[in-house]
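Following this message is one structure expressed as structure tokens.
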Amino acid sequence: MSSELRPGTLIVRGAGKAYRRHSQDAGGLWRALRGQHDAATHWVVRGVDLHLAPSQSLGLVGDNGAGKTTLLKLLAGALAPTEGEIRHAGRRAVMLQLGGGFHPELSGRENLRIGCAVMGLGAQEVERLMPEIIDFSELGPALDQPLRTLSSGMQLRLGFALATAVRPDLLIVDEHLSVGDQHFQRKCLRRILDLRASGCTLVLCSHAAYLMSEVCEQVLWLHEGQPRMLDRASATLAAYDNHVRACDAERGAAPLSASAPPPVAGEGCEVLRVEALGEVRQGVISPGQRLVIEVDAQIPEAQWARGVDLGMLLMRNDELGCVPLSSQTLAQGEIWQPIGPARYRARCVIDELPLLSGRYSVNLALLERGSPVVLGWMRGAGAFEVRSAGRDVGLVRVPHRWETVGDRA
């Protein structure tokens with residue numbers, strides 16, 4: 001920790017982590033016994049430079065084995081860098097693995113008290129925070145059972161409740177929002193959003209691109225242990241997505257199934273119907289025509305009072321192109337029309353469809369108003385086909401014209 005830095009500051013200069021690989025053959029063992037070392041240096045992470053000011057947020061992406069977890073452990077202080085420097089200021093909370101720092105034979109309640117002490121909390125502060133931690137975890141009587149008897153989801157609840165209840169200046173999280181039931185995932189996301197709003201600095205590693213784009217200002221892409229790109233979230237995620245698709249194409253990966261999985265509901269919300277209308281005739285439409293995506297949803301009164309937005313992706317069936325649409329980006333009134341008890345309808349209208357030839361479907365999410373919290377979603381719905389008489393290639397038609405050099409613009 002560095003006292004001259006503002007709480008929540010994280011500075012990384014040229015950080016790297018290396019391990020030595022020793023020969024496993026009999027000759028290598030003999031040389032080791034004679035004091036002759038033939039180990040090779042393997043760099044897991046190298047050349048990382050970061051500067052996060054208080055309240056800033058950073059996401060981490062990369063293929064498996066790219067060094068993401070090692071970098072997180074360096075930032076968390078669980079590993080010492082082989083080279084470079086890592087400095088931070090303020091209280092740091094870390095979630096790198098389920099049950100990390102807990103004793104399997106102690107009860108959940110005992111582990112919470114020990115965890116609070118390890119994080120530097122005094123006895124009075126521990127007593128003040130315990131009810132909040134217990135309430136957030138929703139474990140009830142299970143808190144008094146040995147940790148080893150708790151499921152991974154229960155251990156997640158315990159660890160996340162502890163890490164975030166102490167109101168850290170710096171929070172480091174590795175993939176935990178994808179573990180556990182959907183109710184608790186949403187609860188974790190709301191807690192993270194609250195911490196961000198209060199000025200907490202966040203480092204998040206996740207395979208959920210949508211979550212990263214909503215929560216993180218910047219994203220670092222690690223490739224084979226080294227930074228490949230550090231930019232605003234949308235730019236890095238787009239570049240990484242292109243990389244993943246190119247790798248899939250090289251491997252000849254099978255396309256995703258065209259069958260639509262069942263809708264997912266949460267907080268009582270559910271997508272009931274998605275249909276492509278407008279000038280769609282027998283499932284076919286042409287570029288430039290009017291497309292209407294009509295959505296019916298079930299929204300309970302309690303959630304309706306908090307507000308519900310819509311986000312959707314128009315996905316081409318080759319999975320190589322998509323067009324995002326969201327009611328959160330529009331400064332307009334209520335998008336929903338009541339059609340029955342706790343049932344509502346919304347329409348997204350595209351007056352002149354820019355899409356080119358291909359088969360498309362809609363991936364749709366119900367979102368808590370002004371938030372990335374997903375309340376329900378449906379994939380592969382509202383299928384339609386775009387047929388173009390022209391020779392355009394690509395995903396969308398951009399209005400344009402060609403001029404000779406001497407013409408005026």
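Select from segment 58-73 the residues that are touching a Lys or Arg at 6+ places or on another chain (Cβ under 6 Å) and closer than 26 Å to Gly199 by Cα and list them in ascending order. Lay out the reasoning, then the answer.
Filtering segment 58-73 down to residues touching a Lys or Arg at 6+ places or on another chain (Cβ under 6 Å) leaves 60, 62, 70.
Residues satisfying the conditions are Leu60, Thr70.
Every residue, every condition in (1) in contact (Cβ under 8 Å) with a residue 24 or more places away in the chain; (2) over 15 Å from Leu272 (Cα atoms); (3) among the aromatic types (Phe, Trp, Tyr), yes or no:
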{"site": "Arg306", "(1), (2), (3)": "yes, yes, no"}
{"site": "Ser327", "(1), (2), (3)": "no, yes, no"}
{"site": "Gly333", "(1), (2), (3)": "no, yes, no"}
{"site": "Arg343", "(1), (2), (3)": "yes, no, no"}
{"site": "Arg369", "(1), (2), (3)": "yes, yes, no"}
{"site": "Pro372", "(1), (2), (3)": "yes, yes, no"}
{"site": "Asp392", "(1), (2), (3)": "yes, yes, no"}
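Sticking with this one: Could you grab the pairs with beta carbons closer than 8 Å, sequence gap of 6+ or different chains, first residue in segment 94-107 and within 12 Å of Ser152 (Cβ to Cβ) and loosely packed, with under 15 Cβ neighbours inside 10 Å, second one modelled with pLDDT under 65 and not aromatic (Phe, Trp, Tyr)?
Correct list of pairs: empty, since none qualify.
Name the one entry in Leu143, Leu74, Leu121 that is in contact (Cβ under 8 Å) with a residue 24 or more places away in the chain, over 28 Å from the mean Cα position of the chain (by Cα) and in a helix (DSSP H, G or I).
Answer to the check: Leu143.
Give segment 124-140 a look and list any residue that's more than 20 Å from Asp194 (Cβ to Cβ) and part of a helix (DSSP H, G or I), or say none. Give the steps one after another, and end with the answer.
Let us first name the residues in segment 124-140 that are more than 20 Å from Asp194 (Cβ to Cβ), namely 124, 126-127, 139-140.
If the condition is that a residue be more than 20 Å from Asp194 (Cβ to Cβ) and part of a helix (DSSP H, G or I), then Gln124, Val126, Glu127, Gly140 are the ones that fit.
So, in segment 327-341, of the ones that are modelled with pLDDT of 90 or more and loosely packed, with under 15 Cβ neighbours inside 10 Å, which residue ends up farthest from His400 (Cα to Cα)?
In this case the residue turns out to be Pro341.
Which one of these does Ser234 not meet: (1) surrounded by fewer than 16 Cβ atoms within 10 Å (Cβ to Cβ); (2) closer than 20 Å to Leu96 by Cβ?
Of the numbered conditions (1) surrounded by fewer than 16 Cβ atoms within 10 Å (Cβ to Cβ); (2) closer than 20 Å to Leu96 by Cβ, the odd one out for Ser234 is (2).
Among the residues of segment 192-200, are any touching a Gly at 6+ places or on another chain (Cβ under 9 Å), at pLDDT 85 or above and surrounded by fewer than 16 Cβ atoms within 10 Å (Cβ to Cβ)? Walk me through how you get there before you give the answer.
Restricting attention to segment 192-200, the residues satisfying the condition of being touching a Gly at 6+ places or on another chain (Cβ under 9 Å) are 199-200.
Pick out the ones that are also at pLDDT 85 or above and you get 199-200.
From what's left, surrounded by fewer than 16 Cβ atoms within 10 Å (Cβ to Cβ): 199.
There is at least one residue in segment 192-200 that is touching a Gly at 6+ places or on another chain (Cβ under 9 Å), at pLDDT 85 or above and surrounded by fewer than 16 Cβ atoms within 10 Å (Cβ to Cβ).
State yes or no: is Arg191 among the charged types (D, E, K, R), under 30 Å from Ala233 (Cβ atoms), in a helix (DSSP H, G or I) and touching a Ser or Thr at 6+ places or on another chain (Cβ under 7 Å)? Before you say what the answer is, go through the steps one by one.
Values: among the charged types (D, E, K, R): yes; under 30 Å from Ala233 (Cβ atoms): yes; in a helix (DSSP H, G or I): yes; touching a Ser or Thr at 6+ places or on another chain (Cβ under 7 Å): yes.
So Arg191 fits the description; yes.
Here's something else I'd like to know. Taking the stated definitions as given, is Arg369 closer than 15 Å to Ile293 by Cα and among the charged types (D, E, K, R)? Write out each step before concluding.
Working: closer than 15 Å to Ile293 by Cα: no; among the charged types (D, E, K, R): yes.
For Arg369, the condition - closer than 15 Å to Ile293 by Cα and among the charged types (D, E, K, R) - is not met.
Still on this structure, please answer the following. Name every residue in segment 13-35 that is at pLDDT 95 or above and touching an Asp or Glu at 6+ places or on another chain (Cβ under 6 Å), in order of residue number. Show your work before the answer.
Here is the first cut: in segment 13-35, the residues at pLDDT 95 or above are 13-17.
If the condition is that a residue be at pLDDT 95 or above and touching an Asp or Glu at 6+ places or on another chain (Cβ under 6 Å), then Arg13, Gly16 are the ones that fit.
Quick check: is even one residue across segment 42-52 surrounded by fewer than 15 Cβ atoms within 10 Å (Cβ to Cβ), modelled with pLDDT under 95 and on the phi < 0 side of the Ramachandran plot?
Checking segment 42-52: at least one residue is surrounded by fewer than 15 Cβ atoms within 10 Å (Cβ to Cβ), modelled with pLDDT under 95 and on the phi < 0 side of the Ramachandran plot.
Please verify whether Ser213 is hydroxyl-bearing (Ser, Thr, Tyr) and more than 16 Å from the chain's Cα centre (by Cα), treating the condition exactly as stated.
Values: hydroxyl-bearing (Ser, Thr, Tyr): yes; more than 16 Å from the chain's Cα centre (by Cα): no.
In short, no.
The values are calculated or read from the model by the stated rules, or taken from the named source; none is laboratory data. The structure presented is a predicted model; accordingly, all values stated were derived computationally and were not measured. Note: ideal-geometry Cβ built from the backbone for every residue, glycine included; neighbour counts use all protein chains shown.
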